[in-house]
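*Asks:* One structure is given below, represented as structure tokens, and several questions about it will come after.
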Amino acid sequence: MAVSRKIALKTDEQSSNQLHIYEVNPIIFYSGEADELNIELLEFNHGELIVKSLSTAILKVKQLFMEDEEFNIKWKQSAKGLRITLPDGLTNDENRKKCTLKIKF
């Protein structure tokens with residue numbers, strides 16, 4: 001089972017504002033269909049996910065969407081990786097135990 005780790009960093013020593021960073025271990029695999037990868041998240045919440053191994057130097061992403069869901073996923077790919085913004089309504093609960101993102105390249 002993938003385990004996440006939460007790290008809270010103070011953005012300013014005098015401030016109580018914190019930057020919350022979650023380290024997740026997604027499962028990335030070839031779906032069996034031409035030019036398609038899947039990213040399976042067993043732990044997730046709204047926010048951003050950066051996949052460094054999917055930079056423009058590796059492959060060019062053409063489309064990204066969620067399997068069996070109607071959420072609009074925003075994404076941007078650069079030389080630093082693939083940045084995916086998960087929607088606010090997307091959370092782990094009893095009805096949604098995992099999230100599968102499909103990437104077409």
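The values are calculated or read from the model by the stated rules, or taken from the named source; none is laboratory data. Nothing here was measured: the structure is a model prediction, and the numbers come from that model. Positions of Cβ are generated from backbone atoms using ideal geometry, with glycine treated the same way; all protein chains shown enter the neighbour counts.
*Asks:* Can you tell me which residue in the stretch 13-42 is surrounded by the fewest Cβ atoms within 10 Å (Cβ to Cβ), limited to those that are of a type in the set (D, E) and modelled with pLDDT under 75?
*Replies:* My answer is E13.
*Asks:* Does L54 satisfy the criteria of being within 21 Å of E33 (Cβ to Cβ), surrounded by 15 or more Cβ atoms within 10 Å (Cβ to Cβ) and touching a residue at least 24 places away in the same chain (Cβ under 8 Å)?
*Replies:* yes
*Asks:* Residues that are at positive phi and at pLDDT below 80: list the strands (runs of 3 or more DSSP E) wholly contained in the stretch 43-101 that include at least 1 such residues.
*Replies:* 47-51
*Asks:* Output the residues belonging to the stretch 56-74 that are of a type in the set (A, V, I, L, M, F, W, C) and over 16 Å from L41 (Cα atoms).
*Replies:* The answer is A57, I58, L59, V61.
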